[in-house]
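Written below as structure tokens is the structure these notes are about.
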Amino acid sequence: MNRRALSAIFVVIATMMVGIGIIAPLMPVYAQQMGATGMWLGIIFAAFATTRMIFTPMFGRISDRFGRKWFLLAGLLAFTLLSLGYMVSDTVYELTLMRMAHGFSSALVVPIAFAYVGDLTPEKREGRYMAVINYATFVGMAIGPFMGGRLADAYGIHSAFWALFGFGVLASTMVLVLLPDIRSPRSLEENPLPGFRHMLSDNLVRGLLTIRAGSAVRQAIVMAFLPIFAKHIGLTKTHMGALISAFIITAAVVLYPAGVLADRFSRTRLIIVGETCATICFGVFPLARTFPQLLAGAIAAGMAGGLSMPSLLAINAEIGRDYGMASMMGLYDAAMGFGMLFATLTAGALMDLLSVRAVFYYIVILGLTGVAAFVFFTRRPREARGVSG
């Protein structure tokens, strides 16, 4: 049953991420067609991150108590139906509201899907399992942007929203038919879940959430501002999608080897090396003048970021055994939402004040600050059971 359930959730996540990735390179351009400034671009992307940040811990905690399947299905159905709303959004205000609603629905999907995997992962094998399931995310997000760019160039931008709807229908159907319902193996009567305040008093949790927020900063800038910079130097929507796809594909290439390393060596050190290198790569982007130069930067940043991802999720899964798998995944996802919220709002204002090139230098500063905070929080071994540094 475990193998079948893992295979099913892999396909579901990959399918959903293809759909999400389809609109990734198009949203900034779509917003600019409505007159969005750099600040409004930040607000539109922050709207999605804000509702997701608020609700993922809440939905994760509910899932730990009442099961996984039906909450996941509800989130997918809402996400699918809301995708059609983009086509009737005519102003930046309406587009912002749509992103808020989409963020709310995605809060039901992401932490529960990863908690599903965490529940089925054997101890001391978290790195490998999380690397494999991350392939689903990365493969989907790698295919989606390129597909979205091609669809928009060939048939218009609305065709990408219809494709998002179609992939959502497919993912929802697979959850309904293929996934068994499972609950957390933890006995809530004999061993109740600790509160979020107690979880946040754990230094390893603090370090994990801090570094996740820092890595989300990079993801937000790739999705929201790299297409704007690509347009600035005369590239097409297909080029924009190809850049995002290259960033994701190269991260996926190193996931499984990085997962094996995460099960054999210090996970915190792998995170520090990967996050530092990925952040520094972003300082190269504003120096690029051609598509091959931007592509090289995206490949380097993707590979460095892929080195740290299995270690991040492996530590997350270990902590989840103490605190509730979906609860911890929800906090982890909320940290990502905070990073995206902060980055898009401040970077959008910076773009209006200076230039889009300045955004990438700003992200280097934020990323290195996140790494320094992670080092500070994880400098001492954690005493709670089951988590190694």
### Summary
Of the conditions (1) at pLDDT 85 or above; (2) in contact with a Lys or Arg (Cβ under 9 Å, 6 or more places away or on another chain), the single one that Leu193 does not satisfy is (1)
### Message
Return the residues of region 1-60 that are outside any helix (DSSP H, G or I) and among the β-branched types (Val, Ile, Thr); say none if nothing qualifies.
### Response
Thr37
## Note on the structure
Subset of region 45-73, residues of a type in the set (A, V, I, L, M) and either touching a residue at least 60 places away in the same chain (Cβ under 8 Å) or under 19 Å from Val117 (Cβ atoms) (or both), comes to Ala46, Ala49, Met53, Ile54, Met58, Ile62, Leu72, Leu73
### Task
Name every residue in region 194-209 that is part of a helix (DSSP H, G or I) and surrounded by 14 or more Cβ atoms within 10 Å (Cβ to Cβ), in order of residue number.
Phe196, Met199, Asn203, Leu204, Val205, Arg206, Gly207, Leu208, Leu209
### Query
Taking interchain pairs and intrachain pairs at least six residues apart, which have beta carbon atoms under 6 angstrom, with the first residue in region 126-153 and under 24 Å from Met325 (Cα atoms) and the second among the hydroxyl-bearing types (Ser, Thr, Tyr) and modelled with pLDDT of 80 or more?
Ala131/Tyr256
### Message
Looking at Ala74 and the list (1) more than 14 Å from Pro111 (Cβ to Cβ); (2) over 18 Å from the mean Cα position of the chain (by Cα); (3) of a type in the set (A, V, I, L, M, F, W, C), which single condition is not satisfied?
### Response
(1)
### Query
Which of the residues that make up region 61-90 are out of contact with any Gly (no Cβ under 9 Å at 6 or more places or on another chain), part of a helix (DSSP H, G or I) and buried (at least 24 other Cβ atoms within 10 Å of the Cβ)?
Leu72, Gly75
### Query
Of the residues that make up region 287-298, is at least one closer than 22 Å to Pro145 by Cα and in contact with a Gly (Cβ under 8 Å, 6 or more places away or on another chain)?
yes
#### Entry: Options Ile319, Ile272, Ile280, Ile299; residue that is modelled with pLDDT under 85 and aliphatic (A, V, I, L, M)
Ile319
### Message
Looking for something surrounded by 23 or more Cβ atoms within 10 Å (Cβ to Cβ), within 17 Å of the chain's Cα centre (by Cα) and in a helix (DSSP H, G or I) - is there at least one such residue anywhere in region 228-239?
### Response
no
### Task
Using the structure shown, decide if Met223 is touching a Gly at 6+ places or on another chain (Cβ under 9 Å) and modelled with pLDDT under 85.
no
### Query
Got at least one residue in region 274-287 being touching a Phe, Trp or Tyr at 6+ places or on another chain (Cβ under 8 Å) and closer than 19 Å to Met336 by Cα?
yes
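Return yes when Leu170 is aliphatic (A, V, I, L, M), surrounded by 16 or more Cβ atoms within 10 Å (Cβ to Cβ), more than 25 Å from Met309 (Cα to Cα) and at pLDDT below 80 and no when it is not.
So Leu170 does not fit the description; no.
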### Message
Considering only residues that are of a type in the set (Ser, Thr, Tyr), in contact with a helix residue (DSSP H, G or I) (Cβ under 8 Å, 6 or more places away or on another chain) and more than 24 Å from Ala278 (Cα to Cα), which ones fall in region 190-237?
### Response
Thr236
### Query
Within the bounds of region 29-38, is there any residue that is small (Gly, Ala, Ser) and closer than 16 Å to Ser106 by Cα?
no
### Message
Can you confirm whether Ala216 is farther than 16 Å from Gly140 by Cα and either at pLDDT 85 or above or buried (at least 22 other Cβ atoms within 10 Å of the Cβ) (or both)?
### Response
yes
### Query
What are the residues in region 317-367 that are outside any helix (DSSP H, G or I) and buried (at least 20 other Cβ atoms within 10 Å of the Cβ), if any?
Gly324
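The values are calculated or read from the model by the stated rules, or taken from the named source; none is laboratory data. Predicted model, so just to flag it, every value in this text is computed and none were measured. Neighbour counts run over all protein chains shown; Cβ positions are idealised from the backbone, glycine included.
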